[in-house]
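Asker: Okay, handing you the structure first.
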Amino acid sequence: MSLSAVDLSAVPAHVACVMDGNGRWAERRGLPRTAGHEAGLDALLDAVDGALEIGVQWLTVYAFSTENWSRPREEVRFLLEFNRSNLATRRDELHERGVRLRFIGGRDRRLPRSLLAEMDAAAELTAENRRLTLTVAFNYGGRAELTEAVRRIVASGVQSTQVTEQTIRANLATPDMPDPDVLIRTSGEHRLSNFLLWQVAYSEMVFLDVLWPDFSRTHLFEAVVEYQRRERRFGGLDQ
């Protein structure tokens, strides 16, 4: 799908991605699963460039879920170090492109302090950028986010009768982030996998058979064109 197929006057403000298929991509090539994660980073950077090219303002990606801790210890250790080292080397590049980096997810003791420090440094460096906000969900789960929101509401002393949708939204990890217009999942799987459960209530879903390391900006354009074909009624009727 080429850029010319995209209606640049109707680009979704917010695209979310479940970046699935790194392990299968590597296994099909007789490579260690870690090679799939390395190739997946190149796919993410190309997706970022594609989002910048068509004017997407928010891009949120699922990098490491709360369930991913159950993966083999060697793979988890690789992912933690891989993300730490790439934050250190790539943040200046993203900063030059006008990308604001943000991170959502738990910051518990399983995450190395060095990784948290790189996250904080990247977020601080890019805080004033507004061309594109790249939100990385790391050690993230939608149910955990909602649970933490409820805990904050209860701790603040809000009466049950005063809890509204706005109250819940204000206590999520992403209170200022618009809901995704479209959610893309790669690798042919058709499920949310505990990603942005509150925020994607009315998102358009686009499922692609491509494994994430083979994903490129042309697949992003394909998903955007599919989004542009759909009628979004939000429970109402066409006028």
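Asker: Run the quick spin-label model on residue 121 and residue 75: label points 7 Å from Cα toward the beta carbon, then report their separation in nm to one decimal.
Answerer: Between residue 121 and residue 75, the simple spin-label model gives 2.9 nm.
Asker: Suppose we keep just the DSSP beta bridges with both residues in segment 84-239; what percent of those would be antiparallel, to 5?
Answerer: DSSP beta bridges in segment 84-239 are roughly 0 percent antiparallel.
Asker: Sort 161-172, 41-52, 82-93 for me by packing, meaning the mean count of neighbouring Cβ atoms within 10 Å per residue, highest on top.
Answerer: Per-residue mean Cβ counts within 10 Å order the peptides as 41-52, 82-93, 161-172.
Asker: If you don't mind, there's one more thing I want to ask. Tell me the carbon and sulfur percent of the accessible area for the chain, rounded to whole percent, probe radius 1.4 Å.
Answerer: That share works out to 48 percent.
Asker: Something else: Among 106, 64, 123, pick out the residue whose Cα is farthest towards the positive end of the charge dipole of segment 20-132, where Lys and Arg carry +1 and Asp and Glu carry -1 on C-beta, about the Cα centre.
Answerer: Toward the positive end, the furthest listed residue is 106.
Asker: Along segment 77-82, what does the Karplus equation 6.51 cos²θ - 1.76 cosθ + 1.60 (θ = phi - 60°) give for ³J(HN,Hα), rounded to whole Hz, x for Gly and Pro?
Answerer: 4, 4, 4, 5, 6, 4
Asker: Solvent-accessible area per residue for the chain at a 1.4 Å probe radius, Å²?
Answerer: Result: 51 Å² of accessible area for each residue.
Asker: Return the loop-located trypsin sites (Lys or Arg not before Pro) in segment 180-219 (DSSP other than H, G, I, E, B) with at most 15 other Cβ atoms within 10 Å of their own Cβ; answer none if there are none.
Answerer: 191
The values are calculated or read from the model by the stated rules, or taken from the named source; none is laboratory data. What you see is a predicted model, and the numbers here were worked out from it, not measured in a lab. Reconstructed Cβ throughout: ideal geometry from the backbone, glycine too, with neighbour counts over all protein chains shown. These accessible areas exclude ligands, DNA and RNA; they are computed on the full protein's heavy atoms, side chains included. Shrake-Rupley method; radii C 1.70, N 1.55, O 1.52, S 1.80 Å.
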